[in-house]
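Accompanying notes for the structure given below.
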Amino acid sequence: MPELPEVETVRRGLAPVMEDATIVAVEQRRPDLRFPFPEDFAARLQGRRIVSVGRRAKFLFIHLDKDPVLIAHLGMSGSFRIHDEDSQEMPGNFRHERTKLAAHDHVVLHLERGGRTHRVVYNDPRRFGFMVFAEAYDLDAHPFLASLGIEPTGNALDGAVLAALLAGRRSPLKAALLDQKLIAGLGNIYVCEALWRAGLSPKRLAGTVSGRRAARLADAIRTVIADAIAAGGSTLRDHQLTDGSLGYFQHSFNVYDREGEPCRREGCAGVVKRVVQSGRSTFYCSACQR
């Protein structure tokens, strides 16, 4: 599943083309994805001007000049592609062949912006993504958003805040960090990487992280997310950017998917291990992560 950096990368790729564009036509090619499309989906979008493209956790928001707001989630394999109407080329050094993707193009937005036309295509082979409507005035109360925790970007997440979130919790630290009600948008890859940067074991009880440990971990979470966004996210299996190119942060993994390889921390002689926690692979170095 694309994680927060991938979704933020998608948002940044969509914004220059979609913001201030008018939706002149909508092709809805099937009745449902993970959920049925909203009633009159295409009709409610057609003719609307897109004001902004936002993100909360792993959800994308397409704000229109008039309600509703379109909420989109990429699910396991969803992606957006941008095409100029006068060109079938997709920029990027790496991409999936379009002919193999066409059968999974489920929604096409035809846009006009500044005299230019584009197509924004939503593709989802596994159809685990979804698109729903919400009212702008009540967006934070939407069932998908109401219980989400703090964002792991910016300066809001600091050591004191993180320590307060984890206080008294007897679950493993990694499990607590994946709880979307505490921190919104963190996924398996970046939790593993942040814990390595902070030198903390994923098996440690969450409630034991306070003081300097909490400050170190909060900084590691913010920086690993920022670095991944700057690198265009991580491409694992299905994920690709809006221009069809692939992310590069996977080449900077210190522990994720490196089972049996030497730890990259300077002065550490440990080896990366893999364990399963709550059904997910956890990668860490037991020598330097305590």
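The values are calculated or read from the model by the stated rules, or taken from the named source; none is laboratory data. This one's a predicted model, so the numbers in the text were calculated from it and none came from an experiment. Heads up, the Cβs are rebuilt from the backbone with ideal geometry, glycines too, and the neighbour counts pull from every protein chain shown.
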Taking segment 25-56 and the residues there that are of a type in the set (A, V, I, L, M) and in a helix (DSSP H, G or I), the one that is surrounded by the fewest Cβ atoms within 10 Å (Cβ to Cβ) would be A43
With criteria (1) without any contact (Cβ under 8 Å) to a residue 24 or more places away in the chain; (2) within 21 Å of the chain's Cα centre (by Cα), F133 comes up short on (1)
Is at least one residue of segment 170-185 at positive phi and crowded, with 19+ Cβ neighbours inside 10 Å?
yes
**Request:** Could you tell me whether A163 is hydrophobic (A, V, I, L, M, F, W, C), under 27 Å from T282 (Cβ atoms) and either crowded, with 18+ Cβ neighbours inside 10 Å or at pLDDT 95 or above (or both)?
**Result:** yes
Counting only residues that are modelled with pLDDT under 95, among the hydrophobic types (A, V, I, L, M, F, W, C), surrounded by 15 or more Cβ atoms within 10 Å (Cβ to Cβ) and over 18 Å from I23 (Cα atoms), segment 96-132 contains a total of 2
Listed by first then second residue, the pairs whose first member lies in segment 277-290 and is crowded, with 22+ Cβ neighbours inside 10 Å and of a type outside the set (A, V, I, L, M, F, W, C), whose partner is at pLDDT 95 or above and outside any loop (DSSP other than H, G, I, E, B), with beta carbons under 6 Å and at least 6 positions apart or on separate chains, are T282/K174; T282/V275
The one condition P31 fails out of (1) farther than 19 Å from H110 by Cβ; (2) touching a residue at least 60 places away in the same chain (Cβ under 8 Å); (3) over 24 Å from the mean Cα position of the chain (by Cα) is (2)
If we ask which residues in segment 160-182 are over 19 Å from the mean Cα position of the chain (by Cα) and free of Cβ contacts under 8 Å to residues at least 60 places away in the same chain, their number turns out to be 13
If we keep only residues of segment 115-162 that are aliphatic (A, V, I, L, M) and in a helix (DSSP H, G or I), then the residue nearest to L217 (Cα to Cα) is L162
Residues in segment 168-222 that are part of a helix (DSSP H, G or I) and more than 14 Å from P5 (Cα to Cα) total 23
